[in-house]
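The structure under discussion appears below in the form of structure tokens.
The values are calculated or read from the model by the stated rules, or taken from the named source; none is laboratory data. All of these numbers come straight from a predicted model, not from anything done at the bench. With ideal geometry, Cβ positions are generated from the backbone for all residues, glycine too; neighbour counts draw on all protein chains shown.
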Amino acid sequence: MKNALVIGATNFIGFSLCQKLISMEVEVFGLEFSEKENDQAEKKLMEIGRNAYFNYFNLDSLERGIELKDRSFEIAYFCFESEESLERNAMERLKPLLDKTQKILLVSPIANNLDVAEFQDITNHSNIFSVYHPSAYGPWQPESETIQQRIIELLNNNQLEKREILNDDILYVEDLVEAIFTISENTQVSTSVTLVNRDKGTLAEIAAELELKIKDKEFPKKLKKEEETRNVYYVSSSISVKKALAKQRNTTEESLKLDF
């Protein structure tokens, strides 16, 4: 792979994917899908710094940017965080870029219920694949997540609140994007894949480390017909939960320093 377009480049998964691709010396064109950057975007871009393999754009600069007008891409990773990302007007603004892309890989949380058919209808692209992933933890996890909230409490030496985390699958973010990269390089990939952590004890270890209570789901989720046909891709952990949480804590500590 020589180049890639990453849409949602500063969201949690998208940013980690950009870092992975840069480490592989892939020329990355990072595009912020939202018209306004998320709160941590500036800090994340500072972490990448000036890098010959990374180019960053948002929707407004996209329409002014000469750099992208004559570009074609081997792959576009479309990293969704919420269903709002399928807003039709913004999607149509991206269509000229997607038309020049050989393959599109949709990356979405399982909980999003992403409507792939609607995406295909908007883009009219013939080579679309999708990867669905469970929750993730690790560096740059959003502050809305329970794990990150607990880490901030610990760093600030605050009294620990009683916090619950939903009993569900979870992956370390760097393992998650490694799986996404591997799947995207596989020419025999199924059109729809769900990532699953091979280690079923990860969440329990996290809860024990951070003194969190695991909360059971109230009702089992009924699978849609499309979900039942997805292939499962098992992901192995590359590092221990303790080391993964330490990396998340270190990144958070550095980020908090920038706020002062």
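A few remarks follow.
- Among the residues making up region 144-169, those that are under 20 Å from Asn250 (Cα atoms), touching a helix residue (DSSP H, G or I) at 6+ places or on another chain (Cβ under 6 Å) and crowded, with 16+ Cβ neighbours inside 10 Å are Arg150, Ile151.
- Of the criteria (1) of a type outside the set (Gly, Ala, Ser); (2) free of Cβ contacts under 8 Å to residues at least 12 places away in the same chain; (3) in contact with a strand residue (DSSP E or B) (Cβ under 7 Å, 6 or more places away or on another chain), which one Asn158 fails: (3)
- Qualifying positions in region 10-28 - touching a residue at least 60 places away in the same chain (Cβ under 8 Å), touching an Asp or Glu at 6+ places or on another chain (Cβ under 9 Å) and not in a helix (DSSP H, G or I): Asn11
- Scanning region 229-260 for residues that are surrounded by fewer than 17 Cβ atoms within 10 Å (Cβ to Cβ) and touching a Lys or Arg at 6+ places or on another chain (Cβ under 7 Å) gives Tyr234, Ser236, Leu258.
- Number of residues in region 135-185 that are over 15 Å from Leu245 (Cβ atoms) and in a strand (DSSP E or B) equals 2.
Every residue, every condition in (1) at pLDDT 90 or above; (2) over 24 Å from Ile122 (Cα atoms); (3) crowded, with 19+ Cβ neighbours inside 10 Å; (4) of a type in the set (Asp, Glu), yes or no:
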position	(1), (2), (3), (4)
Ile7	yes, no, yes, no
Gly14	yes, no, yes, no
Phe33	no, no, yes, no
Asn38	no, yes, no, no
Phe57	no, no, yes, no
Ser61	no, no, no, no
Tyr77	yes, no, yes, no
Glu87	no, no, no, yes
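- Pairs with Cβ under 7 Å, 6+ apart, first in region 93-121 and β-branched (Val, Ile, Thr), second loosely packed, with under 13 Cβ neighbours inside 10 Å: Ile104/Asn127
- Some residue of region 129-144 being more than 23 Å from Gln19 (Cα to Cα) and touching a residue at least 24 places away in the same chain (Cβ under 8 Å): no
- Yes/no for Ala52 being loosely packed, with under 11 Cβ neighbours inside 10 Å, at pLDDT 85 or above and not basic (Lys, Arg): yes
- Some residue of region 146-154 being modelled with pLDDT of 90 or more and either under 17 Å from Gly8 (Cβ atoms) or more than 22 Å from the chain's Cα centre (by Cα) (or both): yes
- Residues of region 91-134 that turn out to be surrounded by 15 or more Cβ atoms within 10 Å (Cβ to Cβ), under 18 Å from the mean Cα position of the chain (by Cα), part of a loop (DSSP other than H, G, I, E, B) and modelled with pLDDT under 90, as a count: 1
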